[in-house]
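Okay, so here's the structure we're looking at.
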Amino acid sequence: LARGDYHMTVKRSGAEVVFLLIIQRPAKSSLLPFDALFRSVSQLYGPAVLAVVLTGMGQDGMRGAEVIREHGGAVFA
C-alpha cells in the first residue's frame, strides 16, 4: 500500500509487471490516488480488470473506474 503522499501505479518491465510509487504533486496532477492506480491497471490489462472498491473518500476512484469500464473491465462498489 502507498503512503498518503504517493500514487501507486503499475507498468510492464520486460516480462514482469511492477508497482511504482510516485510522489504526489497536487499542483501538477488532478489525479487522485485510486484514479491513478485504476488508470494504470486498465491500460495494462484492459478487459481483464476486475476492481472491487470496499470503501473510499470523496471522488477518489470515480474517474479511474470510468477508465476501467472504457477499457472493457468491471468495477464493483
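Derivation of every value follows stated rules applied to the coordinates shown; laboratory data play no part. Just so you know, these numbers come straight off a predicted model, no measurement behind them. Ideal geometry is used to build each Cβ from the backbone, glycine not excepted, and the neighbour counts take in all protein chains shown.
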Taking every pair of Cα atoms in the chain, average 1/r, invert it to obtain the Kirkwood radius, and report Rg/Rh to two decimals. 0.96
Residues whose modelled amide H sits under 5 Å from the amide H of residue 7, counting only those 5 or more places away in sequence or on another chain, are 22, 23, 24
Rounded to the nearest 500, the 222 nm mean residue ellipticity computed for the chain from DSSP H runs (n ≥ 4, each -39500 (n - 2.57)) alone is -8500 deg cm²/dmol
Could you list which residues have their amide H under 5 Å from that of residue 75, counting only those 5 or more apart in sequence or on another chain, with H placed in the peptide plane? 51
Whole-Hz couplings from phi, Karplus 6.51/-1.76/1.60, listed for the stretch 8-17; x for Gly and Pro: 10, 10, 10, 8, 7, 10, x, 8, 9, 10
Taking θ as phi - 60°, what are the ³J(HN,Hα) couplings along the stretch 41-46 by the Karplus curve (6.51, -1.76, 1.60), each to the nearest whole Hz, with x for Gly and Pro? 5, 5, 5, 7, 10, x
Under the Karplus relation with 6.51, -1.76 and 1.60 and θ = phi - 60°, whole-Hz ³J(HN,Hα) for the stretch 62-76, x at Gly and Pro, equal 5, 5, x, 5, 4, 5, 4, 5, 4, 8, x, x, 10, 10, 10
Simple SL model, points at 7 angstrom along Cα→Cβ for residue 23 and residue 76; separation in nm is 3.9
